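So the structure is just underneath, and the comments pick up after that.
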Amino acid sequence: MKNKSRTKNDFQSKAGTGLTGDAVFLAALSGLLIFLSFPKYGFGFVAWIALLPLFFALRKANTVAQGLLLGFITGVTGYIGIIYWIAFVIVNYGYLPLYVGIILMLLLACYLSAYISLFAGCIIYFREKIPLYWTAPVLWVCLEYGKSFILTGFPWENLGYSQYLNTYFIQIADVTGVLGLSFLIVLTNATIFEVISKRSAKEYVLAGIVSLVLAGVYGYGIYRLDQVNKTVRQSQGMEVSLIQGNIDQSIKWNENYQRETLNIYEQLSLKNSPGKESLIVWPETAVPFKFQDINSLHDQIINLSLKSKSWLLFGSVSYSAQDDNFFNSAYLLSPAGEIAGKYDKVHLVPYGEYVPLRDVFPFIKKLTAGMGDFGTGVGYYPLSMGDKKIGVLICYEGILPFAARMYKKESADLLVNITNDAWFGATSAPFQHFSMAVFRAVETRLYLVRAANTGISGIIDPGGRIIAKTDIFREDALKGYIKFVSMPAFYARYGDLVAAACFLLMIFYFLISLKREGKKCR
């Protein structure tokens, strides 16, 4: 009996009840590897082994509480590396003291770490009942899905996004979405851990099955890319010019620089004007005034569309005369200089574009005095560009799969992401932001063009391949050719069925565990 209790669970530590220093180190190492899975400092292949140290650390945990703590250590270490730029934004553009910026960034990191903490705690809870390779990927997907929607959601750099350059692998996103990629990465981590720690025939068979699954995913990627290539060749297209003004955020809203800013965009647009009836795209809030106010600046933009004889899409703040609401908007002008459509941003950034709980906690108003407060748009409705439809994603909306899906359902022919990443400075954020936009093209099988004030601007094809892109902090223009592709995409139509399946499995796992605990009590 003594021997059985000592060997029945290879996952459990034979050590005492306290956590050892090496367990804490391993948990922190896992967090570091998660951070190093993402740009600008990391590489996607690291994600395939990032959770191994955490799994080894959990072997030394004897209670769920210890598992929660180790997961929290992993999360904090990883998220501080991923979102350190939050402090930069708060201090430089929220006009708050450095210590406040650091504290707020740490609070967000702690909140996000709670999901990895729950992941680790649940692994400890299930480890004597259900194998790790069954629980880990399912748990991870459920928690990532929750993180993407709870409290308005923060799906920034979910694990699957680390693979944005892994072209063949990411093609499965048109079926599973990015959560399916996260599932496969965590499954691979769990399988490697089981093979290393147990080295039995069962684990080698498991490794073979997982290898076949991954081979099937890559095979699907090869097949699907070939379909994408054929469809692209047969599709009509047009020229586009993406204008990157590189306007410093510190002078962007200074009235003394309004004309100079507009002149920069006008000159870059005329110098890099695409063919007649083509599309010119300026970034989010590229226009440093309210376009709907009729004045000489307004007329200058109208004249530009007439001179270029092209469609012009640009960002501007707008307002409603009825209720005094301001909106983060995108306007589309026709080659005739007429307003063909306007889109108001739907998904706003908390404490960046609106202030939650400001009426409940008055002190929040003081803390966020330098931040915006915008109204919400009515929905994700494409703008009509002649007989074609454009789905506009403003800034943060480019990381939201459901926003792109809504446009695909509304028969959009092209996705346009306009953003102003000057807020982020030379941190990792512009690179992370761009990497996530790649998946919107794969999930919808549409071309995506992205115009950013300071970069990264780019053209991404329906296979998620980056056709061209700019550097950050450069006044630049990117001229290219896009196609209006019509391809079905399972994920765009049906959404996160992977997450639904994982939630059902979690309910099943809990029922199994309760049943087994009941038998022990007898």
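Coordinate-derived values only; no laboratory data. As the structure is a computational prediction, the values presented were derived from the model and not from experiment. Ideal geometry is used to build each Cβ from the backbone, glycine not excepted, and the neighbour counts take in all protein chains shown.
So the values come out like this:
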| read-out | value |
| --- | --- |
| The stretch 414-428 - phi-based ³J(HN,Hα) in whole Hz, Karplus 6.51/-1.76/1.60, Gly and Pro as x | 7, 9, 10, 9, 10, 8, 10, 8, 4, 3, 8, x, 8, 8, 6 |
| The stretch 235-487 - Rg and Dmax from Cα coordinates, angstrom | 17.2, 55 |
| Shape category assigned to the stretch 98-230 from the gyration tensor of Cα positions, a/c cut at 1.5 | oblate |
| Kirkwood hydrodynamic radius (C-alpha pairs) into Stokes-Einstein, the stretch 58-101, 4 °C and 1.567 mPa s, D in µm²/s | 105 µm²/s |
| Crossing angle, helix 21-35 versus the chain [Cα axis fit, 0-90 degrees, rounded to tens] | 30 degrees |
| Burial ranking of peptide ranges 28-39, 503-514, 467-478, 425-436 (average Cβ count within 10 Å, highest at the top) | 28-39, 425-436, 467-478, 503-514 |
| Prolate/oblate/rounded call for the stretch 430-498, Cα gyration tensor, a/c under 1.5 rounded | oblate |
| Mean Cβ count within 10 Å, highest first, over the residues of peptides 139-149, 200-210 | 139-149, 200-210 |
| Segment Glu517-Tyr494, length gained on full extension (0.36 nm per residue, minus Cα span) | 4.6 nm |
| Residue pairs, from the table Lys309/Lys388; Lys40/Lys408; Lys129/Lys202; Lys309/Lys345, whose Cα atoms sit over 23 Å apart | Lys40/Lys408; Lys309/Lys345 |
| Antiparallel content of DSSP bridges confined to the stretch 235-487, in %, to 5 | 65 percent |
| Using θ = phi - 60° and Karplus 6.51 cos²θ - 1.76 cosθ + 1.60, couplings along the stretch 312-326 (whole Hz; Gly, Pro as x) | 10, 10, 8, x, 7, 6, 10, 8, 9, 5, 6, 10, 6, 7, 9 |
| Relative packing of 277-288, 58-69, which averages over residues the other C-beta atoms within 10 Å, highest first | 277-288, 58-69 |
| Rounded if a/c under 1.5, otherwise prolate or oblate - the stretch 26-183, Cα gyration tensor axes | oblate |
| Approximate shape of the stretch 166-308 as ellipsoid semi-axes (Cα gyration tensor, √5λ), whole Å, largest first | 52, 22, 10 |
